[in-house]
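Report on one structure; see the data block that follows.
The values are calculated or read from the model by the stated rules, or taken from the named source; none is laboratory data. Predicted model only: the values in this text are computed from it and were never measured. Cβ sites come from the backbone with ideal geometry, for glycine too, and all protein chains shown count toward neighbours.
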Amino acid sequence: MAVETEAKIKVTDHKVLRERLKKLGAKCEGERLEVNIYFDTAEGELLRTDRALRLRSIGEKNVLTYKGPAQQSKYKQRQEIQIKVTDGDAVQSLLGELGFGQSLLFEKRRQSWLLDECRVELDSLPLLGAFVEVEGPCEAAIGQVLCKLGLDKANLIATPYPILLQDHLEHTGNSSREIRFG
């Protein structure tokens, strides 16, 4: 059972961070567009219990992910189970048969970097803007990378992207459940 440990921070843009990552000798692993589809029961059982079920598609690649409730930690920690699947449409049909419907779909642009023991993700989301996620093997490694990036004093965000998007949609009176880049 894997436990994901990460720090998320809202930023104005990624330009300064890209330059800092290059100067630190980080390795860029490329950029991609992700389509994230979240599923829940009609009663919202997963959301109510701080769990998530997601199908992420990157081109022809698909990964089904379960995320458990957040654990007490300086950074966000959650149980995470991931399964690579070849047929995303079949997975959606299977989940539907099991009582899970699509609760939210959103696109995300992600540029991935490796620095020390951590993965640094530069994320852009429609409606929300730019974020940085630092995921690592332990809190100490994440803290060191945040310090190197000059983000150690920044406000951490524990709220997952789907909740941030849903809050934004409710605040603006938007009833859409599919959020894509224009």
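Residues that are part of a strand (DSSP E or B) and either hydroxyl-bearing (Ser, Thr, Tyr) or without any contact (Cβ under 8 Å) to a residue 12 or more places away in the chain (or both) within region 56-78 comprise Ser57, Thr65, Tyr66, listed in sequence order.
Looking at the structure I just gave you, is Lys148 buried (at least 18 other Cβ atoms within 10 Å of the Cβ) and more than 20 Å from the chain's Cα centre (by Cα)? Judged against the criteria, Lys148 is a match.
Any residue at all in region 123-135 that's surrounded by fewer than 16 Cβ atoms within 10 Å (Cβ to Cβ), closer than 19 Å to Val3 by Cβ and modelled with pLDDT of 95 or more? Looking through region 123-135, none of the residues is surrounded by fewer than 16 Cβ atoms within 10 Å (Cβ to Cβ), closer than 19 Å to Val3 by Cβ and modelled with pLDDT of 95 or more. When the strands (runs of 3 or more DSSP E) confined to region 79-182 are screened for residues that are in contact (Cβ under 8 Å) with a residue 24 or more places away in the chain, over 25 Å from Arg20 (Cβ atoms) and not hydrophobic (A, V, I, L, M, F, W, C), those reaching at least 3 such residues are found at 101-115. Determine, yes or no, whether Leu53 is of a type in the set (A, V, I, L, M) and part of a strand (DSSP E or B). So Leu53 passes the test.
Restricting region 1-47 to residues that are part of a loop (DSSP other than H, G, I, E, B) and among the aliphatic types (A, V, I, L, M), the residue that is surrounded by the most Cβ atoms within 10 Å (Cβ to Cβ) is Ala26.
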